[in-house]
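A short write-up of the structure that comes next.
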Amino acid sequence: MSDDVLVVEGVTKRFGAVTANAAISIRVRAGEVVGLLGHNGAGKTTLVSQIVGLLRPDAGEIRVAGVDAVAHPGTARRLVALQAQGQVPLDGLTPRTAVELAGRLRGLPRREARRAAERLAVELDITEWIDQRALPEGRGLSGGVRRLAGFAMTVAAPAPLVVLDEPTNDVDAARRRRLWDAVRRLRDRGAGVLLVTHNVLEAEKVVDDLVVLDRGQVVAAGSPARLASGLDDGLRLEVTLPPGGDDPTPDVPFAVRQRVRAGRRVLLVVPADEASPAVTWAASLRDTGVVDGYTLGPATLEDAYLALTESTGAAGDELTEVTSHA
Amino acid sequence: MREQTAEAPAVPTDGTTAQPSATVGPWSSYASMVRWNVAQVGSMLPLVVVVQAVLAAGIIVGFGLVIPDIDPATALYLSTGAPTVLLMVVGLVIVPQGVARARTDGTFVFLRTLPVPRLTLLLADLTVWLLVALPSVAVAVLVGELRFDLALSPDWPVLLVATVLVTVTATSVGYAVAVTLPPVLAQLVSQVLVFFVMLFSPLTFPATQLPAWFRTVHEWLPVQPAGDLLRAGLASEVYSADARDVAVLAVWCVVGVLLSLRALVRRG
């Protein structure tokens, strides 16, 4: 029996004239975390909605643990555990009850569901709030605790495929680490995990493979190391412009492979042997006040990702968001 | 009207923990979903009962003021019509508003991603709304008793069946409105339905006061049969209902359930 827990083959989904997914193919094996990266609107959530049978693809095939998810969405849903991007509707429930109910819905006996709730509360460090009721209008439990409870509900009972859509939104740094540890444990126990995110820095820490979506199309796929090496021995030169200052980077005295601008910051990917002229150029501009500052370092996966998705024009907006986590 | 299902792969015996635990029994799924829904609307329940009491007082006391020197027969008619008004308001107004909110805040989508058959989702929802609506009858009768010295003659089996049938019909029709129309439109329609039920339906006044064409319309709508049936259950010595009332209600009930189920199963 194949160890594929998710096979997406040529899936296309259109909404009127807009093609949200264009012939997308993705594979997740048991014991593997695959990151699905893309800007807002790249088509990630549309794809997830088709995997769990909320939307029907116009073309293509989706198999979850061997089951045709397009023909048998009800059966497929029993094999996928999804943490959706929106908050789980917890109002009126405590995290303990919510996780127990989620476990029961996936077939855990009562006692095991109870144990799962307690174990996950410890793993995610939310025992303090486990018996605190979530109330309407976001009262009772913070967004971070709600998100972690949603994650615990998703993984309370074993499922061959776990889909996590931006699971760390609203979660503090210490508990994010705990969540990623929990994801690694899921993988080690043999689940296949599809991690949907636009946060490349976080994805890099946990994924085995990455699929980059841009405007509904897969523009790259492979391990993080392989994707980053797409820039070979490139270096990243990041230049910060003064407020209202002109951008001097279109006209530089050295070779540039990629150039992405986000507000006052410009990211240049330059070949390693151009490091010296690049630094000389940047230092002189800083001395004359044309730029506020600069940094030079090895090109990262994030740079590769931005280079891959730059054509959308949305890259600039995203750069600001991504690098703020650095 | 159900999604196709295939047999899930058998659980392997190699000790891997990434396989689904077991097939979940329909009863277990249903019980878990009812618990979930009760927790969600639980905090709202006391408020709903208060609203029902205020509405009942509004109908029985308020309409009583409109009619000077109200005679016992009119008082009985008014008081036995009030429970239907309340059940219809819960089913056609409170349910659509609750469902429309669930659609707007993502609850509706979340529930549909769970490994629970669509029919179970709907039944669990209907069960909870039934629990919310049931106090209506008791509240309305209590208010009627307090205001007028009513001579009720309950036919318990009829009353029980009528209450459940009327509530499930109103709730499933309300649910269907909420899941079929866009949320904003659903809320608007539910507001209009309040007026229709309270002012233009022969629940608090006899059908004979309506123009003939409107009487014919009401023979095919669920409101009047619901009123007749509940009245016959509350004051069996004075009022009677017939099989046609049950049939009309049952048809509306089935249509409501089928439309709701279609919306739950549908994939865009």
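Every pair of different Cα atoms in the stretch A:83-184 enters the Kirkwood calculation, which places the hydrodynamic radius at 13.3 Å. The radius of gyration of the Cα set in chain A, together with its Dmax, comes out at 22.0, 70 angstrom.
Diffusion of the protein assembly as shown by Stokes-Einstein, at 20 °C in a medium of 1.002 mPa s and with Rh set to the Kirkwood radius over alpha-carbon pairs, works out to 78 µm²/s.
In chain A, taking the dipole from charged Cβ atoms about the Cα centre, the farthest positive-side position among A:ALA71, A:ALA20, A:ILE51 is held by A:ALA71. Can you give me the angle between helix B:45-57 and the longest principal axis of chain B, using Cα atoms only, in degrees from 0 to 90, rounded to the nearest 10? The answer is roughly 20 degrees.
Helix B:183-199 and the long axis of chain B differ in direction by around 20°, with both axes built from C-alpha atoms. Could you please report the charge total around A:LYS44, scoring K, R as +1 and D, E as -1 over all other residues with beta-carbon less than 11 angstrom from its beta-carbon? Net charge in that neighbourhood comes out at -3.
Return, ordered by residue number, the residues of the stretch B:27-55 whose backbone nitrogen is under 17 Å from a label point located 7 Å along Cα→Cβ of A:ARG114. Those under the cut-off are B:32.
Each Cα pair under 8 Å and six or more residues apart adds its sequence gap; the mean of these over the residue count of chain A is a relative contact order of 19 percent.
Annotation: the residues A:VAL52, B:VAL95, sorted from fewest to most other C-beta atoms within 10 Å of their own C-beta, follow the order A:VAL52, B:VAL95. Taking label points 7 Å from Cα along the Cα-to-Cβ direction, B:VAL184 and A:ALA23 give a separation of 3.9 nm.
When the Cα atoms of the stretch B:157-242 are aligned to their principal axes, the ranges along those axes come out at 45, 32, 17 Å in descending order. Orientation-averaged projection of the stretch B:22-142 equals 8.7 nm² [convex hull of Cα atoms, one quarter of hull surface area].
A Gaussian network model of chain A, with springs between Cα atoms under 10 Å, assigns the largest mean-square fluctuation among A:GLY222, A:GLY244, A:GLY92 to A:GLY244.
Within the protein assembly as shown, DSSP assigns beta bridges of which about 65% are antiparallel (rounded to the nearest 5). I want the local charge near B:VAL238. Using Cβ-Cβ distances under 14 Å, sum +1 for each Lys or Arg and -1 for each Asp or Glu among the other residues. Spelling it out: positives minus negatives among the neighbours equals -3. Its Cα gyration tensor gives the stretch A:156-300 an equivalent ellipsoid; the semi-axes, largest first and in whole Å, are 38, 17, 13.
Against chain A, whose longest principal axis comes from its Cα atoms, helix A:275-287 is set at around 80 degrees.
Contact order for the stretch B:112-268, expressed relative to its length and based on alpha carbon pairs under 8 Å spaced 6+ residues apart, stands at 36 percent. Could you work out how far apart the two model spin labels at B:VAL238 and A:ASP247 are, taking each label as a point 7 Å from the Cα in the direction of the beta carbon, and quote it in nm? Calculated label separation equals 8.1 nm. In this Cβ point-charge picture (+1 for Lys and Arg, -1 for Asp and Glu), the stretch A:4-222 has a dipole of about 560 debye about its Cα centre. Sorted ascending by nearby beta carbons within 10 Å, beginning with the fewest, A:GLU202, A:GLU61 become A:GLU61, A:GLU202. The calculated FRET efficiency for A:ASN169 paired with A:LEU135, based on their beta-carbon distance and R0 = 22 Å, is about 0.65. Potential lengthening of the chain between B:LEU142 and B:PHE200 amounts to 18.4 nm, from the contour at 0.36 nm per residue minus the alpha-carbon distance. If you look at the Cα atoms of the stretch B:26-265, you get an Rg and a Dmax of 17.8, 59 Å. Since only B:VAL95, B:PHE63, B:PRO135 are under comparison, the one whose Cα sits farthest along the positive direction of the charge dipole of chain B, derived from C-beta charges on Lys, Arg, Asp and Glu, is B:VAL95. Going by neighbour counts of Cβ atoms within 10 Å, the residues A:LYS205, A:LYS13 line up, fewest first, as A:LYS205, A:LYS13. Note on B:VAL192 and B:TRP27: with the Förster distance fixed at 41 Å, the Cβ-Cβ geometry gives a FRET efficiency of about 0.60. Counting Lys and Arg as +1 and Asp and Glu as -1 over every other residue whose Cβ lies under 15 Å from the Cβ of B:GLN97, the net charge comes to 0. Computed from point charges on the beta carbon alone (+1 for Lys and Arg, -1 for Asp and Glu), the dipole magnitude for chain B about its Cα centre is near 900 Debye. The Rg/Rh ratio for the stretch B:116-165, using Cα coordinates for both the radius of gyration and the Kirkwood hydrodynamic radius, is 1.16. A helix-only calculation puts chain B at -22000 deg cm²/dmol for mean residue ellipticity at 222 nm, using -39500 (n - 2.57) for each DSSP H run of at least four residues, averaged over all residues. Taking label points 7 Å from Cα along the Cα-to-Cβ direction, A:ARG264 and B:VAL66 give a separation of 6.8 nm.
Dividing the helix sum by the residues of chain A, where each DSSP H run of 4 or more adds -39500 (n - 2.57), gives a mean residue ellipticity at 222 nm of -10000 deg cm²/dmol. The mean sequence distance of close C-alpha pairs (under 8 Å, at least 6 residues apart), as a share of the length of the stretch A:1-127, puts its relative contact order at 20 percent.
Extension gain, A:ALA71 to A:LYS205: 0.36 nm times the residue separation minus the Cα-Cα distance gives 44.7 nm.
Any read-out appearing in this document is the output of simple, stated calculations on the displayed coordinates, not a laboratory observation. None of these values were measured; they are calculated from a predicted model. A quick note on method: Cβ atoms are made from the backbone with ideal geometry, for glycine too, and the neighbour counts reach across all protein chains shown.
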